[in-house]
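The next block holds one structure in the form of structure tokens; read it before the comments.
Every number in this text was worked out from the coordinates using simple rules, so none of it is lab data. On a predicted model such as this, the values are computed, not experimentally measured, just so you know.
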Amino acid sequence: MIDPQNPAPALPRFAQDLGDLIARRALDEPRAAGLLGVPVFTLRKWTAGTRAPSAAAVRLLDVLGTLDAIAPALLDALTPAAVPAAPKRPRGRPKAIETKASNQPSAI
């Protein structure tokens, strides 16, 4: 828990607890960020320990840790589903597109 008089020492503890939860639940960054309701960028800053979490984020992590301990099925239900990876775009120049000659009648 963060000491209101000295919040700085809580940064490494929060980052460690967050990393532990992500590892235990085998979450990727988008799913972990979705579970916490923050952008992936913010999650990365928290796990690196370069950004201080809000008091609400600290409390949410406490609640998620408690759920993980006593009701893992409930935490599974709250965890966002994995998003399939986007297909990779081909590299190089696109192939030329063949076009019909404009003077040919179109079939209707």
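Full extension from Ala69 to Ala52: what is 0.36 nm times the residue separation minus their Cα-Cα distance, to one decimal in nm? Mind showing how you got there, number by number?
Values: separation 17, 0.36 × 17 = 6.12 nm, distance 2.50 nm.
Once the chain is fully extended between Ala69 and Ala52, it gains 3.6 nm.
If N is the number of residues in the range 48-88, what value comes out of its Cα radius of gyration divided by 2.2 N^0.38 Å? Spell out each step's value before the answer.
Numbers: Rg = 14.2 Å, N = 41, 2.2 N^0.38 = 9.0 Å.
After normalising by residue count via 2.2 N^0.38 Å, the value is 1.58.
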A chain fully extended from Ile97 to Asp62 at 0.36 nm per residue, minus the present Cα-Cα distance, gains in nm 7.0 nm
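How long are the semi-axes of the equivalent ellipsoid of the range 21-99, defined as square roots of 5 times the Cα gyration tensor eigenvalues? Whole Å, largest first.
On the way: eigenvalues 257, 57, 18 Å².
Working through the eigenvalues yields semi-axes of 36, 17, 9 Å.
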Report the gain in length on full extension from Phe41 to Ala77: 0.36 nm times residue separation, minus Cα-Cα distance, nm rounded to one decimal. 10.6 nm
